[in-house]
Amino acid sequence: MLEKSELRDVLKIGIELTTEKNKHRLLVKMLQKAMEITGCDAGTLYLCRGDFLEFKIMKTLSQGVSRGENGERIDLPAVELKQENVCAYAALRKELVNVSDVYRSDKFDFSGPKRYDGMTGYRTKSMLVVPMENAEDRVIGVLQLINKLDGDGNVISFCDDDAFILRSLGSMAAVSLSNMLYIDEIKQQMQSFVQAFATAVDKRTPYNGTHTRKVTAYARLVALQFNRMDCGEKFDQTRLEQLELAAGLHDIGKMIVPLSVMNKSTRLDSDLERVLARLERIALLCERDMLKGEITREQFERISEQVAWAKDVIRRADCAGFLDDALLADVDRVAGTCYICGDGERVDFLSDKEAALLRVRKGTLSAQEREVMESHAHMTKVILDQVHFSEKYAAAPVFAAAHHEMLDGSGYPNHLTGKEIALETRILSAVDIYDALTCTDRPYKKPMPRVRALQILREMVNEGKLDATVVKALTDALENVSEQEVEQVLKTPIEEMI
């Protein structure tokens, strides 16, 4: 019968097991506490995987053996779930097995322990095997304890109290582990949902192939850099997971942006060929009029040179990253030029719409097209408002929808300023711009060197648009990571990086 102090110790251990949040630490703690309570020399903890029991942790105190405690894989063949194996029997029958001496028992196949004894000089004698059942009466693992010791170090049998306590603690650990696995499953479901939508957005256009993954990777790098800095902001596992969810979802609103806008690589885009064809027609009309004697050869040559010049201006303006004053003036001259044919037909070099597109100073989109493009931020919120996020990730859609906001209020869609913009959103804003500047998968622009891209971000800090600490964290984080290695950052589990 358990003494009151012993019962208190057992309850304390039960609390430790049910409040542990890390799966591996829970397994380690379970085996350690089981060995302490029973006073045994050795123990093994298995987890069920399909039709097998996998070795997770092994300890033999007298021989200094400790395997799996640091999460390393135990390179031993899994135990097949057949009833002649004592651990498998306990799992299949959901029965606790207490053996006084394995060498005198013929109920199970103990060739494995005996073979181990032969190789190591150990003597396996008493054994207690406990199935770990969760709240759904499902065995998720087995605890095997070996060689209970008395006060003088002699091997004795496990008692009924040992069996009772271990059965109870095993169930507690099983319930805790099951809950963790369920939480992980829900988390993986959410992450796979995010990944699926991110893939759909990125694959929708050839100009966005790796954007979401890289923004997520850059966001992780910045958050981890914050953990190294003395700035009062830290990212634990949950906060980092929420940031990464927001990064994965930040462009989901682009699902509703027309591809004619999403894929517009130059100002005129597919209309360029029509404009050039019109200029070719003007050249032919001019030649026809010369042959008919309606204009002179000098006039024909002057107009032909004018057409050739107009073609060059249009081509340069169409794909210019930024339209400077000189090129804009040339576009205005072309837009004001026309040819009057001999029969009175007027042919403008450019239509009003074409001229307006070529006058766009920066980028490829007209004001109307840019409005359509910018609507993706609002649509991100509209779409994500239809999704239920658990309490711990409830802010992810808010961060995602605000990733184009700027500290000075010049961003969109809500023109937030200063403290209205969360740190997570500030991170997404900076890394989104950085990837847009440095990405290599957009054929209409050359990737910008890292040094120049970071300089632009610092200029935006000076303009009051971006967070200085975020840009510094990104700069510092990138010092030891090449652009080719950025996506590799996501392959390491978050819990191993915190």
(request) Could you name every one of the helices (runs of 4 or more DSSP H) located completely within segment 384-498 that has at least 2 residues being of a type in the set (Lys, Arg)? (result) 450-462
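The rows are residues; the columns are (1) surrounded by fewer than 15 Cβ atoms within 10 Å (Cβ to Cβ); (2) among the aliphatic types (A, V, I, L, M); (3) under 22 Å from Leu245 (Cβ atoms).
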site	(1), (2), (3)
His404	no, no, yes
Ile427	no, yes, yes
Thr438	no, no, no
Ser482	yes, no, no
(request) Give just the number: which of (1) outside any loop (DSSP other than H, G, I, E, B); (2) closer than 24 Å to Ala198 by Cβ does Glu354 not satisfy? (result) (2)
(request) Would you be able to tell me the number of residues in segment 31-57 that are under 30 Å from Gly151 (Cα atoms) and either touching a residue at least 40 places away in the same chain (Cβ under 8 Å) or of a type in the set (Val, Ile, Thr) (or both)? (result) 16
(request) Look at segment 115-152 and say how many of its residues are basic (Lys, Arg) and farther than 18 Å from Leu61 by Cα. (result) 2
(request) Evaluate segment 368-376: report whether one residue or more is modelled with pLDDT under 95, loosely packed, with under 11 Cβ neighbours inside 10 Å, aliphatic (A, V, I, L, M) and assigned to a helix (DSSP H, G or I). (result) no
(request) Of the conditions (1) more than 19 Å from Met58 (Cα to Cα); (2) open to solvent by 40 Å² or more (accessible area, probe 1.4 Å); (3) of a type in the set (A, V, I, L, M, F, W, C); (4) at pLDDT below 90, Met180 clears all except one; give me its number. (result) (2)
(message) If I ask for residues that are assigned to a loop (DSSP other than H, G, I, E, B) and surrounded by 14 or more Cβ atoms within 10 Å (Cβ to Cβ), which ones from segment 335-351 would you list?
(response) Thr337, Cys341, Gly342, Phe349, Leu350, Ser351
(request) Consider Asp117 carefully, then state whether it is at pLDDT 85 or above and either of a type outside the set (A, V, I, L, M) or open to solvent by 70 Å² or more (accessible area, probe 1.4 Å) (or both). (result) yes
(request) Find the helices (runs of 4 or more DSSP H) located wholly in segment 226-334 whose residues include 2 or more that are exposed (fewer than 13 other Cβ atoms within 10 Å of the Cβ), and list them. (result) 259-262, 272-291, 297-319
(request) Looking at (1) in contact (Cβ under 8 Å) with a residue 40 or more places away in the chain; (2) out of contact with any Pro (no Cβ under 8 Å at 6 or more places or on another chain); (3) open to solvent by 70 Å² or more (accessible area, probe 1.4 Å), find the lone condition where Val28 falls short. (result) (3)
(request) Give the number of residues within segment 120-161 that are buried (at least 19 other Cβ atoms within 10 Å of the Cβ), free of Cβ contacts under 8 Å to residues at least 40 places away in the same chain and not in a loop (DSSP other than H, G, I, E, B). (result) 0
(request) Answer yes or no as to whether Arg138 is at pLDDT below 90 and of a type in the set (Lys, Arg). (result) yes
(request) For segment 31-104, please list each of the strands (runs of 3 or more DSSP E) lying entirely inside it that holds at least 3 residues being among the aliphatic types (A, V, I, L, M) and open to solvent by less than 80 Å² (accessible area, probe 1.4 Å). (result) 40-49, 52-60
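The values are calculated or read from the model by the stated rules, or taken from the named source; none is laboratory data. The shown structure was predicted, so the numbers you read here are calculated from the model rather than taken from an experiment. Positions of Cβ are generated from backbone atoms using ideal geometry, with glycine treated the same way; all protein chains shown enter the neighbour counts. Side chains are part of the model used for accessible areas, which takes the heavy atoms of the whole protein and leaves out ligands, DNA and RNA. Shrake-Rupley method; radii C 1.70, N 1.55, O 1.52, S 1.80 Å.
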